[in-house]
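Here's the structure we're looking at; comments come further down.
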Amino acid sequence: MKYCDLLSLSGEDYRLGGLSAVLKRPPYRQLNNRCRQYNGFLLIEEGNCHYAWEGGEADLRPGSLIYLPFGSRHRLTVKSDAFAFRQVDFTVTDAAGELLCFSSVPHLFFASAPAAVTELFREMTALYEKPNGHFRLYETFYALLSQMADALTPPEDPRIEPILAYLRDNYTREVNLRELATLTYLSRAQLYRMFLKATGLSPTAYRNRLRIEKAKHMLRDTDCTVGEISVLLGFDSIYYFSRFFRQLTGMTPTAFRGGRE
């Protein structure tokens, strides 16, 4: 099994195998999956639920989109009277035939998916039910991957490039809007609004994502302890580091290192 980030998939020579898309209204309040046989995207259509897996959990509502990797274990608990979800199961391999997964554990892609992504899920469900819909089903799935990748890629804005470059070089430091504003001709308030619009994140949240990406590399490629990594990345405590790591990856640093994603 090989792990490949969704945004990096276009650079891979990959093959799409089996594909299905269904609307489900489970009759039970709790569903357990001990070992998934496919990669899958699950979009909540109606109601609320709670997903839990080793090292992570997430509350989902209508519009939430979660990825469920091949071989993963997880538990879904329905939290509302009416509940339904759309599920797209698929198999994707590289040129050598090795299975590709986007992560080793469930991953919440969108707390609220863009309307274009939701519509493609519904279109795939309708196509899967049609006698000859199979021919367009694969085409629509590629469109879904493209739409998701576009939604996850922040729009380019040349005005914030100096800020992005500064944060990439100084992600261990605290964010100071006054200091960042000196890199532009904008006020702190204008800078904050512009950055949020361009990236979907505040400067501090963007800095934290950079820290967590660096932490993933350090957990995978070094023997530094979780506490040492926390200090090296500038977190105030191992508690805050672990909390941010779990929020962004769905698992604890220790669980991530054990899985060697």
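Return yes when G133 is at positive phi and modelled with pLDDT under 90 and no when it is not.
no
Tell me, which residue of segment 9-37 that is closer than 17 Å to L144 by Cβ and among the polar types (S, T, N, Q) is nearest to the chain's Cα centre (by Cα)?
Residue satisfying both the conditions and the ranking: S10.
Return the only residue of S80, S72 being among the hydroxyl-bearing types (S, T, Y), out of contact with any helix residue (DSSP H, G or I) (no Cβ under 6 Å at 6 or more places or on another chain), crowded, with 20+ Cβ neighbours inside 10 Å and touching a residue at least 12 places away in the same chain (Cβ under 8 Å).
After ruling out the rest, the residue left standing is S72.
Assess whether P154 counts as being modelled with pLDDT under 90, in contact with a Ser or Thr (Cβ under 6 Å, 6 or more places away or on another chain) and either over 18 Å from S20 (Cα atoms) or loosely packed, with under 13 Cβ neighbours inside 10 Å (or both). Spell out the reasoning first.
Details: modelled with pLDDT under 90: yes; in contact with a Ser or Thr (Cβ under 6 Å, 6 or more places away or on another chain): yes; either over 18 Å from S20 (Cα atoms) or loosely packed, with under 13 Cβ neighbours inside 10 Å (or both): yes.
When the stated conditions are applied, P154 passes them.
Do we have T93 as assigned to a strand (DSSP E or B), surrounded by fewer than 21 Cβ atoms within 10 Å (Cβ to Cβ) and touching a residue at least 60 places away in the same chain (Cβ under 8 Å) here?
yes
What's the total number of residues in segment 149-179 that are part of a helix (DSSP H, G or I), of a type in the set (D, E, K, R) and either farther than 30 Å from V117 by Cα or in contact (Cβ under 8 Å) with a residue 12 or more places away in the chain (or both)?
Number of matching residues: 5.
How many residues does segment 46-89 hold that are over 13 Å from Y28 (Cα atoms) and among the polar types (S, T, N, Q)?
4
Tell me, which residue of segment 98-111 that is more than 14 Å from C4 (Cβ to Cβ) and assigned to a loop (DSSP other than H, G, I, E, B) is most open to solvent (accessible area, probe 1.4 Å)? Full working, then the answer.
First, pick out the residues of segment 98-111 that are more than 14 Å from C4 (Cβ to Cβ): 105-106, 108-111.
Add one more test, that the residue is assigned to a loop (DSSP other than H, G, I, E, B), and what stays is 105-106, 111.
On the way: V105: 21, P106: 2, A111: 50 Å².
Restricting to residues being more than 14 Å from C4 (Cβ to Cβ) and assigned to a loop (DSSP other than H, G, I, E, B), the top hit is A111.
Take segment 209-226 and flag every residue that is in contact with a helix residue (DSSP H, G or I) (Cβ under 7 Å, 6 or more places away or on another chain) and either open to solvent by less than 20 Å² (accessible area, probe 1.4 Å) or over 18 Å from G55 (Cβ atoms) (or both).
Passing the criteria: R209, L210, I212, A215, L219, C224.
Can you pull out the residues in segment 180-208 that are in a loop (DSSP other than H, G, I, E, B) and open to solvent by 30 Å² or more (accessible area, probe 1.4 Å)?
T182, L183, Y185, L186, S187, G200, L201
Quick one: R188 ticks every box in (1) in contact (Cβ under 8 Å) with a residue 12 or more places away in the chain; (2) closer than 30 Å to S230 by Cα except a single one, so which number is it?
Here R188 meets the rest and fails (1).
Which residues, taken from segment 141-185, are among the β-branched types (V, I, T) and within 13 Å of L6 (Cβ to Cβ)?
Hit for segment 141-185 is T153, nothing else.
Can you tell me which residues in segment 112-143 are among the polar types (S, T, N, Q), open to solvent by 70 Å² or more (accessible area, probe 1.4 Å) and over 25 Å from D59 (Cα atoms)?
N132
Taking into account only those residues within segment 24-53 that are part of a strand (DSSP E or B) and open to solvent by 70 Å² or more (accessible area, probe 1.4 Å), which is farthest from R75 (Cα to Cα)?
Residue satisfying both the conditions and the ranking: K24.
Scanning segment 54-69 for residues that are small (G, A, S) and free of Cβ contacts under 8 Å to residues at least 60 places away in the same chain, which turns out surrounded by the most Cβ atoms within 10 Å (Cβ to Cβ)?
Once the filter is applied, the top-ranked residue is S64.
Condition check: within 21 Å of H107 (Cβ to Cβ) and of a type in the set (S, T, N, Q). Does T252 satisfy that?
Taking the combined requirement at face value, the residue satisfies it.
The values are calculated or read from the model by the stated rules, or taken from the named source; none is laboratory data. Keep in mind that what you see is a predicted model, and the values were worked out from it rather than measured. Virtual Cβ from ideal backbone geometry, glycine too; neighbours counted across all protein chains shown. Surface areas here come from the heavy atoms of the whole protein model, side chains and all, with no ligands, DNA or RNA. Shrake-Rupley method; radii C 1.70, N 1.55, O 1.52, S 1.80 Å.
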